[in-house]
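I have placed the structure first, in the form of structure tokens, so that the comments after it can refer back to it.
The values are calculated or read from the model by the stated rules, or taken from the named source; none is laboratory data. Only a predicted model underlies this, so the values are computations on that prediction, with no experimental measurement involved. Note: ideal-geometry Cβ built from the backbone for every residue, glycine included; neighbour counts use all protein chains shown. Each accessible area value is taken on the protein alone, full model and side chains, heavy atoms only, with ligands, DNA and RNA left out. Shrake-Rupley method; radii C 1.70, N 1.55, O 1.52, S 1.80 Å.
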Amino acid sequence: MRLTKPVDKRRISKGELLIIATPIGNLEDITIRAINSLKSVDIIACEDTRRTRILTAHYSISKPLVSFYSYNKVKRLDSLISHLLNGKTIGLVSDAGTPGISDPGYTIIKAAIDKGIKVSSIPGPSALISALVSSGKPTHKFLFEGFLSNKSAQRRRRLADLKKEERTVILYESPHRLLKLLKDILDVLGDAEIVCARELTKKFEEIKRGKVSEIIEYFTGFKPRGEFVVIL
Ligand code: SAM
């Protein structure tokens, strides 16, 4: 693969939406191009302004932050699209990782594309890729399922659909639902070898590999805390 000269020399076009990946925990996991882009855009659209402010303060970025939460996204969507159509540049970030992956970012990306707005991506971390490559599971083909349903019956149905799946399967889960998910995996898929990646890039990073029953036992004795990726 041929690398090109720094593309931050490329001017951001008027009315462009930049999808900017930010760290999944460790503030140092951000590209130079992401920082330069965040310093150049007119507006930063984020999920939680308090979380994004930690990042912008750390890198002395002083651009207006507009929250793009799930509950207000319809209202905010129209206003952000109007800004783009009026020539303002917007940097879209999420609380962690790559916007558009299991977060509200997709809605604005799709709406911008539908309006003919220029959309480009400043690549960087995503929890699914970090977890996959450090899991030891085959990486040549994989299926990202994100969060399964929080309703047990639906979750179990989806797991049953995955019984014959040959690719590595990647799931996201919150700490308070982890044990429920693991128990459903045990019931539906049996005592398979899985990987649980917790708090990647952070102080308490931990990658547990083993049978589902062993991982359930581990997290029963030690209350699950932090953010999890489960790999089947
Ligand atoms: N956009 C993000 C990405 O690119 O990975 C994902 C956002 S989603 C709302 C948040 C979920 O990602 C968490 O519940 C967890 O499953 C996973 N996640 C994010 N950061 C993580 C980390 N540092 N370690 C493990 N999992 C993480």
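Collect the residues in the stretch 200-217 that are open to solvent by 30 Å² or more (accessible area, probe 1.4 Å), closer than 13 Å to SER134 by Cα and within 11 Å of the ligand (Cβ to nearest atom), keeping them in residue-number order.
The first filter runs over the stretch 200-217 and keeps only residues open to solvent by 30 Å² or more (accessible area, probe 1.4 Å), leaving 201-209, 211, 213-214, 217.
Add one more test, that the residue is closer than 13 Å to SER134 by Cα, and what stays is 201, 205-209.
THR201, GLU205, GLU206, ILE207 - these are the residues of the stretch 200-217 that are open to solvent by 30 Å² or more (accessible area, probe 1.4 Å), closer than 13 Å to SER134 by Cα and within 11 Å of the ligand (Cβ to nearest atom).
From the list GLY146, GLY105, exactly one residue is of a type in the set (Gly, Ala, Ser) and either more than 8 Å from the ligand (Cβ to nearest atom) or closer than 24 Å to LEU232 by Cα (or both). Which is it? Even if it seems obvious, please write down each step before you answer.
Working: GLY105 fails: either more than 8 Å from the ligand (Cβ to nearest atom) or closer than 24 Å to LEU232 by Cα (or both).
Matching residue, one of GLY146, GLY105: GLY146.
Which condition number in (1) under 30 Å from PRO23 (Cα atoms); (2) surrounded by fewer than 16 Cβ atoms within 10 Å (Cβ to Cβ); (3) free of Cβ contacts under 8 Å to residues at least 60 places away in the same chain is the one that ARG155 fails?
If we test ARG155 against (1) under 30 Å from PRO23 (Cα atoms); (2) surrounded by fewer than 16 Cβ atoms within 10 Å (Cβ to Cβ); (3) free of Cβ contacts under 8 Å to residues at least 60 places away in the same chain, just (2) comes out false.
So is GLY87 buried (at least 16 other Cβ atoms within 10 Å of the Cβ) and touching a residue at least 40 places away in the same chain (Cβ under 8 Å) or not?
Working: buried (at least 16 other Cβ atoms within 10 Å of the Cβ): no; touching a residue at least 40 places away in the same chain (Cβ under 8 Å): yes.
For GLY87, the condition - buried (at least 16 other Cβ atoms within 10 Å of the Cβ) and touching a residue at least 40 places away in the same chain (Cβ under 8 Å) - is not met.
Which is at pLDDT 95 or above, over 27 Å from ALA34 (Cα atoms), assigned to a helix (DSSP H, G or I) and open to solvent by less than 40 Å² (accessible area, probe 1.4 Å), of LEU128, LEU186, LEU132, LEU182?
Working: LEU128 fails: over 27 Å from ALA34 (Cα atoms); LEU186 fails: open to solvent by less than 40 Å² (accessible area, probe 1.4 Å); LEU132 fails: over 27 Å from ALA34 (Cα atoms).
Only one candidate qualifies: LEU182.
Against the condition modelled with pLDDT under 95 and open to solvent by 20 Å² or more (accessible area, probe 1.4 Å), how does ASP103 come out, does it pass?
Values: modelled with pLDDT under 95: yes; open to solvent by 20 Å² or more (accessible area, probe 1.4 Å): yes.
Here the answer is yes, as ASP103 does meet what is asked.
Picking from THR139, THR220, which residue would you name as being open to solvent by 40 Å² or more (accessible area, probe 1.4 Å), in contact (Cβ under 8 Å) with a residue 40 or more places away in the chain and of a type in the set (S, T, N, Q)?
Numbers: THR139 fails: in contact (Cβ under 8 Å) with a residue 40 or more places away in the chain.
THR220 is the lone residue from the list that is open to solvent by 40 Å² or more (accessible area, probe 1.4 Å), in contact (Cβ under 8 Å) with a residue 40 or more places away in the chain and of a type in the set (S, T, N, Q).
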